[in-house]
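So the structure is just underneath, and the comments pick up after that.
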Amino acid sequence: MSKHNIVKATFALLDDNGDLIKDATKGLSTDGIYVADHQGEGFSQINVSAIEAAGTPGWGNGQIKRTAYGKSMPTLALTALDLDFKINQMLKGFTQNANTGAWVRQLPKPHVAMIAESQSLDGDISIYECFNNIEFIEEASNNSTDTNSEADYSTALSGTVLAPLKSDIFLAANGVQQPYVIAKSTDTGFDLDKLMAETFGGYTTSTSSTTSGTSGQ
């Protein structure tokens, strides 16, 4: 089906076991998740590439008898409008220097989980694209001088999607794990709470008063 519009992007940091980090200092908020939808904040582009690649045909007796398919290797390209500064640094794995307060690149990269929500053309159906284990980079920082027009720079993040951190999530019907899932709100059996719990390392709305998080821009 066709879809349009970015409704919102929701992020979380997970530990090495794939569990949600619910801490306002070590994680993105006290309940662990951050919805990038505050004043002046949002995403103008969320593009997913390389979900699948064309297969390699296997020939026999002058005919294509089978096709071999490689692994799914999704990548992400995000363009943000006024993404919260601290959140941006934490998504990339930058840490704050105790002496200067400056943010400095640190490896290994954190495990970032994300759900990108879009909608059907009539706006009545939500589409959710989910990733459990992303590593983000911000390749460049561009600066231009203001003239009689303001010169803005929008944060551009690139993400590599890795295998999910837990072995029992993002499973196809045959039990094979994949790095990407997509859901439609009107599908039979759809359960947003369960989808968020899988994607965000056990997140539950029952133990949280908010799902939007804030850290101050």
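The values are calculated or read from the model by the stated rules, or taken from the named source; none is laboratory data. All values derive from a computational prediction rather than experimental measurement. In this analysis, Cβ positions are derived from the backbone assuming ideal geometry, glycine residues included, and neighbour counts consider all displayed protein chains. For the accessible areas, the whole protein counts, side chains as well, though only heavy atoms, and no ligand, DNA or RNA atoms are used. Shrake-Rupley method; radii C 1.70, N 1.55, O 1.52, S 1.80 Å.
Give the dimensionless ratio obtained when the Cα radius of gyration of segment 116-164 is divided by 2.2 N^0.38 Å. Don't jump to the answer; show the numbers that get you there.
Numbers: Rg = 17.0 Å, N = 49, 2.2 N^0.38 = 9.7 Å.
Cα Rg divided by the expected 2.2 N^0.38 Å: 1.76.
Carbon-plus-sulfur fraction of the accessible area of the chain, 1.4 Å probe, in percent?
Working: 6030 of 12620 Å².
Accessible surface attributable to carbon and sulfur in the chain totals 48 percent.
Within the chain, which is the longest segment that contains none of the chymotrypsin sites (Phe, Trp or Tyr not before Pro) sitting in a DSSP loop with at most 16 other Cβ atoms within 10 Å?
Values: sites that count: 69, 153, 190.
With chymotrypsin sites (Phe, Trp or Tyr not before Pro) excluded where exposed in loops, the chain gives 70-152 as its longest stretch.
Let me know the longest stretch in the chain that avoids all trypsin sites (Lys or Arg not before Pro) found in a DSSP loop with at most 14 other C-beta atoms within 10 Å.
Values: sites that count: 26, 71.
Free of exposed loop sites, the longest segment is 72-217.
Expressed in nm to one decimal, what extension gain is obtained for the pair residue 178 and residue 151 from 0.36 nm per residue of sequence separation less their Cα-Cα distance? Write down the numbers at each step before the final one.
Values: separation 27, 0.36 × 27 = 9.72 nm, distance 4.08 nm.
Between residue 178 and residue 151, full extension yields an extra 5.6 nm.
Among 202, 40, 27, which one moves the most in a GNM of the chain with springs linking Cα atoms closer than 10 Å?
For the chain, modelled as a Gaussian network with Cα springs under 10 Å, the answer is 40.
Given 172, 145, 119, which one lies farthest toward the positive end of the charge dipole of segment 116-174, if we put +1 on the Cβ of every Lys and Arg and -1 on the Cβ of every Asp and Glu?
After comparing all options, I get 172.
Given (1) 13.2; (2) 12.4; (3) 17.0 as candidate values of mean projected area of the Cα convex hull in nm², which corresponds to the one derived from the coordinates?
Recomputing mean projected area of the Cα convex hull in nm² here picks out (3).
If you take the square roots of the eigenvalues of the alpha-carbon gyration tensor of segment 1-64 and sort them as a ≥ b ≥ c, do you get rounded (a/c under 1.5), prolate (a/b over b/c) or oblate? Could you put the intermediate results ahead of the total?
On the way: a/c = 5.28, a/b = 1.95, b/c = 2.71.
Taking the square roots of the gyration eigenvalues as a ≥ b ≥ c, segment 1-64 is oblate.
Using every pair of alpha-carbon atoms in segment 80-145, split the distances into 5 Å bins beginning at 0 and state the percent of pairs per bin, rounded to integers.
4, 13, 17, 20, 16, 12, 9, 5, 3, 1, 0
Using a Gaussian network model on the chain with a 10 Å cutoff between Cα atoms, which of 157, 81, 171 fluctuates the most?
Highest fluctuation among the options: 171.
Report the GluC sites (Glu not before Pro) located in segment 127-162 that are in a DSSP loop and have at most 10 other Cβ atoms inside 10 Å of their Cβ, or state none.
Here the sparse-neighbourhood loop sites are 139, 150.
Work out, step by step, the length gained on full extension between residue 139 and residue 23: first 0.36 nm times the residue separation, then minus their alpha carbon distance; give nm to one decimal. Mind showing how you got there, number by number?
Working: separation 116, 0.36 × 116 = 41.76 nm, distance 2.74 nm.
Result: 39.0 nm gained on full extension.
Could you give me D for segment 39-89, from Stokes-Einstein at 20 °C and 1.002 mPa s, where the hydrodynamic radius is the Kirkwood radius over C-alpha pairs? Units µm² s⁻¹, please. The partial results should precede the final answer.
Numbers: Rh = 14.4 Å.
Answer from the Stokes-Einstein relation: 149 µm²/s.
Of the candidates 178, 89, 39, which one comes out as most mobile in a Gaussian network treatment of the chain with C-alpha springs shorter than 10 Å?
39
In the neighborhood of residue 144, defined by Cβ-to-Cβ distances under 15 Å, what is the net charge if each Lys or Arg adds +1 and each Asp or Glu adds -1? Present the calculation step by step, with values, prior to reporting the outcome.
Details: positive: none; negative: 146, 150, 152.
Once positives and negatives cancel, what remains is -3.
How far is it, in nm, from the label point at residue 158 to the one at residue 5 when both lie 7 Å from their Cα along the line to the Cβ?
Here the modelled spin labels are 3.2 nm apart.
Let's see if you can work this out: charge +1 on each Lys and Arg Cβ, -1 on each Asp and Glu Cβ, no other charges. What is the dipole magnitude of segment 61-217 about its Cα centre, in debye to the nearest 20? Show your work: numbers first, answer last.
On the way: 10 positive and 17 negative charges, 185 e Å.
Value, rounded to 20: 900 debye.
Assuming a ≥ b ≥ c are the square roots of the Cα gyration tensor eigenvalues, decide whether segment 1-117 counts as rounded (a/c under 1.5), prolate (otherwise, with a/b larger than b/c) or oblate. Please report the intermediate quantities before stating the final value.
Details: a/c = 2.85, a/b = 1.97, b/c = 1.45.
Verdict is prolate for segment 1-117.
Solvent-accessible area per residue for segment 46-148 at a 1.4 Å probe radius, Å²? Numbers along the way, then the final one.
Working: 6260 Å² over 103 residues.
So segment 46-148 comes to 61 Å² accessible per residue, rounded to a whole number.
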